[in-house]
1. Take segment A:327-367 and flag every residue that is part of a helix (DSSP H, G or I), touching a helix residue (DSSP H, G or I) at 6+ places or on another chain (Cβ under 7 Å) and open to solvent by 80 Å² or more (accessible area, probe 1.4 Å).
2. Could you tell me whether segment B:81-90 includes any residue that is among the basic types (Lys, Arg), in contact (Cβ under 8 Å) with a residue 60 or more places away in the chain and away from every other protein chain (no Cβ under 14 Å)?
3. I need the full set of residues from segment B:27-47 which are within 14 Å of chain A (Cβ to nearest Cβ) and either assigned to a loop (DSSP other than H, G, I, E, B) or not hydrophobic (A, V, I, L, M, F, W, C) (or both), in order please.
4. Hey, which of the helices (runs of 4 or more DSSP H) in segment A:153-223, taking only ones fully inside, have at least 1 residues that are more than 27 Å from the chain's Cα centre (by Cα)?
5. Quick check, is residue A:147 at pLDDT 85 or above and over 21 Å from residue A:66 (Cβ atoms)?
6. I need the full set of residues from segment B:1-26 which are part of a loop (DSSP other than H, G, I, E, B), in contact (Cβ under 8 Å) with a residue 12 or more places away in the chain and within 14 Å of chain A (Cβ to nearest Cβ), in order please.
7. When residue B:45 is evaluated against the numbered criteria (1) of a type in the set (Ser, Thr, Tyr); (2) within 19 Å of residue B:113 (Cβ to Cβ); (3) open to solvent by less than 60 Å² (accessible area, probe 1.4 Å), which criterion, by number, is the only one it fails?
8. Can you tell me which condition residue A:361 does not meet? The list is (1) at pLDDT 90 or above; (2) more than 48 Å from the chain's Cα centre (by Cα), and all the others hold.
Amino acid sequence: MRKPLPAVFAVTAILQGGELLASEQAGGGSVNWLDATSSLAAGLAYALIAIVLAGLVLRRRELALRTLAWLLVACAVAAAAGRLVDAVLVWQPWYRLDSTLGAFEAIVAWSALLSLIVIAPWTRGMLGLSAGEQKSRRGTIEYQRVEEQFKLAFEASPNAAFLVDEAGKITLVNSQSQQLFGYNQMELVGQNIEILIPPRLQQMYREFRHRFLASPVALPRGEALDLCGLRKDGSEFPVEVGLNPVRTSRGLTVLVSVVDLSERRRSEDALRRANRTLLDRNREMEQFVYTVSHDLKSPLVTILGFVGMLREDVAEGRLQDIEDAIGRIAGAAQHMSDLINDLLELSRIGRARHTLLEIDMETLVRGITAGLRTQLNKAGLALQIQPEMPRVMADRARIAQVFENLITNAIKYGASAVQPRLEIGFEDREAEVRFYVKDNGRGIAPEFHDKIFGLFQRLETDQEGTGVGLAIVARVMEVHGGRVWVESASEQGATFWLAFPKLHNGVHS
Amino acid sequence: MKPKTIRFLLVEDDDDHAAIILRGLKGSRVPSLTNRVRDGLEALSYLRRKEPFADADRPDVVLLDLKLPKLSGHEVLRAVKSDPDLRAIPVVVLTTSNADADRDQAYRLHANSYLVKPMDFVQFRQMVQDMNLYWGHWNQAAPS
């Protein structure tokens, strides 16, 4: 046996001392309190460490190295058990248990060590790594949240939106697209987006798509394609299509947004119509002002002309023609007054709100002819009114005016036949109710049939009429949504027709 | 030398205006004889010597109103100036209208002159008499 080193002596001595104590214990005697308490303390500590560590691992789900952590928990448990048994050994000879636990402890410790070594490079910046994984986890969560937001936005878009792959196949649709085109999701996903385009426009779309795929940039609004969309039921509607490229790891996806232009087109059309109406009305107005100022000049020339002549005559004592001159002046002034009144009436027809009532046309017509009884008799007109006239939704006063004008015209121009006749009747048609005022007088040549409804158009030298009568008739009919026209030929009488449109529910309007 | 009597054809539908014109011509230095028709169709019948105007004399000047029944003054002008027999007759438009459109149209259709009826008798008479003097005395008509 070699001579041991002095250090070894010291250590052996201590250890031997320990052994002595142990053998002393075994035989009874003084208890090694230091041994007992330190073992107990350590054991307790290890146990608590195990518990806390376990709790940590369980609670922090994102904690990396779960395997390692559990192994360390196991180490702590083994150590705790070992040390607690050590404490017991001070009193009880549980050597076998102690050894077993020691073996267990050794196995667990080595497992932990191996686990550590395996992931050692990784563990070098362990604190940093955990944060990295956490960042990555946070990154994943962030990504999920963004994806969620995209899905919500996609779904909530007021426009129909599709995700289409490079081949043109639909991969995602939102509810608007389903609503707009009348398909449900399952009918759309997997289909080529061209099923939503009318066949005649598919070529145009394909060319557009090729151009787009060649250099995929999001198209600004103005360059979106004007197309028609084809619904499931076969109906078409105007659309504006925008293409947006979305580069994903799976290649190029195209976000196709489709805007329904029907409403916009309707508004545009309405606007255009309103504009045209405005321009027409403007021109009408200019024409009106022009015509009025000219037609008022004529009576003024008369008035001032005869005033001048009167002055001279009176100054020179020529009094025989004074009465005549005064009469002409008065007549011209009255004519101006009539003209102005008729024009005001005409303008009022366009402006005023009308109260529409159901009118008994027969009563109305009979009332007017009764009022014109004297003139009718004077002209020798035989009157005939068709009975059981239909009722019409109209402005009573205006319609009365219309009939009065027409009947008066007939008296003036239509009573030239040998046996002058005046017929007032109606024709009940599918879409409209027609009334007519017919005379057998000298008639109106076809080339004048449109002219006579114009302002101040007079065929005969009509000193009494203002030339506004038929213009008023035309305007009143226009305002009622109806129309007026004349059927006539020279020497073959004239029939003036009035048409009132009917409403769907059978009520005349 | 006694001036020759000038013959006017007055195409005027308004009786009052016709009366004023005739009165205006009275007492003029150049004696005149005026025949009146009331609308465009009558005017052409007269000029073409159709019934009932078969015996009508050819007028020296036509005084033409624009606002006429049946056939407008412009239409009469067009007819006269496109008729080789009639186009040499001077046509003086005499109207209430001073509208650009009316004047433009009248000259396009080769009106010889365009007069606007004044709103004052004294002026009216002066104008008519000056017109009478100009066409009846100074103007040299085309050879017949």
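The values are calculated or read from the model by the stated rules, or taken from the named source; none is laboratory data. Note that the structure is predicted; figures quoted are calculated from it, not measured. As a convention, Cβ positions derive from the backbone with ideal geometry for all residues, glycine included, and neighbour counts pool all protein chains shown. For the accessible areas, the whole protein counts, side chains as well, though only heavy atoms, and no ligand, DNA or RNA atoms are used. Shrake-Rupley method; radii C 1.70, N 1.55, O 1.52, S 1.80 Å.
1. Within segment A:327-367, no residue meets the criteria.
2. If we filter segment B:81-90 for residues that are among the basic types (Lys, Arg), which is where we start, we get B:81, B:87.
Narrowing further to those that are in contact (Cβ under 8 Å) with a residue 60 or more places away in the chain: none.
Scanning segment B:81-90 turns up no residue that is among the basic types (Lys, Arg), in contact (Cβ under 8 Å) with a residue 60 or more places away in the chain and away from every other protein chain (no Cβ under 14 Å).
3. Filtering segment B:27-47 for residues within 14 Å of chain A (Cβ to nearest Cβ) gives B:27, B:36-43.
Within segment B:27-47, B:27, B:36, B:38, B:39, B:40, B:42 qualify.
4. The helices (runs of 4 or more DSSP H) meeting that bar are A:199-214.
5. Numbers: at pLDDT 85 or above: no; over 21 Å from residue A:66 (Cβ atoms): yes.
In short, no.
6. Of the residues in segment B:1-26, the ones part of a loop (DSSP other than H, G, I, E, B) are B:1-5, B:12-14, B:26.
Then keep just the ones that are in contact (Cβ under 8 Å) with a residue 12 or more places away in the chain; that gives B:3-5, B:12-14.
Across segment B:1-26, the qualifying residues are B:12, B:13, B:14.
7. It fails just one condition, (2).
8. It fails just one condition, (2).
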